[in-house]
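Take a look at the structure below.
What follows is calculated from the coordinates using simple rules that are stated; it is not laboratory data. From a predicted model like this one, the values you see are computed outputs, not experimental measurements. A quick note on method: Cβ atoms are made from the backbone with ideal geometry, for glycine too, and the neighbour counts reach across all protein chains shown.
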């Protein structure tokens, strides 16, 4: 029994990533891994190794989604014309959570980087749960149609049909130039751009910010992120629009005072920002940055509730 527990526990990391892909929420993924290991223990007489755990985890996620159905909200958001970005921001998926790279540990076999990017995770949330499961098992894990059908209790023909529809739907929600994006490892150029970004933010240097942003930069905020307290995400595109939106935080004597903790999330640079209030710096938002050609192409801000997953301090002195 100890050997069984030790073996199944050794797969916890990759099962958590698998459930994260299925659900988009890392908090829920943690819970579903526990459920997976419990189901595996109960059915240990028929346990057949790693594939069994993935089958159990996939079905546990499907059961969870059946019990807790959720729909993407219909948002009246603009479309960024003439852009290589998807027509909806990642934060338009309310339950999507960023996670630290340390929790993903991208690996060519277990965790292909492009399958844990926020853009990919947001896009597959547009698929039905069973389409999502078929796509992940076939295209991410590399299972055959027969293996996938056995795991999902269906036929290979049904699996192939679901995967074809899922791939077509996915193309509608993924950026067209996504394969050209930077890799997970931080380059010297990336570190230099991030350092300039942090310096511009802390020093309220609007001119330096403008120099860092691409002309077609896109910025989005989840509800509760970066001082945005409305019920829906905000999204705007273009350097001029971004600078105008950020002006209150950058200009004048009332400009916010910030501290920044650098980290990484989903394969890209991330910044935990803290704003000064009542003698201390309090969580303001977690910013992820997509860089392109030495400039910032996309800024996505999540609310302070995600700080816990990154083991970030609740306040800074």
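Viscosity 0.692 mPa s, temperature 37 °C: what is the translational diffusion coefficient of the stretch 188-310 from Stokes-Einstein with a Kirkwood Rh over Cα pairs, rounded to a whole number of µm²/s? Numbers along the way, then the final one.
Working: Rh = 14.5 Å.
So the translational diffusion coefficient is about 226 µm²/s.
Mind checking the alpha-carbon convex hull of the chain and giving the volume per residue in Å³? Write out the running numbers ahead of the final one.
Details: hull volume 46.4 nm³, N = 317.
Here the figure is 146 Å³ per residue.
Given an 8 Å cut-off on Cα distances and at least 6 residues of separation, report the relative contact order of the chain as a percent.
For the chain, the relative contact order is 16 percent.
Take the chain, connect every pair of alpha-carbon atoms lying under 10 Å apart with a spring to form a Gaussian network, then pick out the residue of 287, 242, 193 with the largest mean-square fluctuation.
Greatest mean-square fluctuation among the candidates belongs to 193.
What distance in nm separates the two pseudo spin-label positions at residue 191 and residue 95, each 7 Å out from Cα along the beta-carbon direction?
3.9 nm
Once both axes come from the Cα atoms, what is the angle between helix 239-250 and the longest principal axis of the chain, in degrees from 0 to 90, rounded to 10?
With both axes taken from Cα atoms, the answer is about 70 degrees.
Say we join alpha carbon atoms closer than 10 Å with springs in a Gaussian network model of the chain; which of 244, 172, 232 then has the biggest fluctuation?
244
Among 68, 126, 276, which one shows the biggest mean-square fluctuation in a GNM of the chain, springs joining Cα atoms closer than 10 Å?
Ranking 68, 126, 276 by mean-square fluctuation puts 68 first.
Below 8 Å between Cα atoms, with a sequence gap of 6+, how large is the relative contact order for the stretch 188-310 in percent? Don't skip to the answer; put the middle values down first.
Working: 228 pairs, mean separation 32.2, N = 123.
Relative CO of the stretch 188-310 lands at 26 percent.
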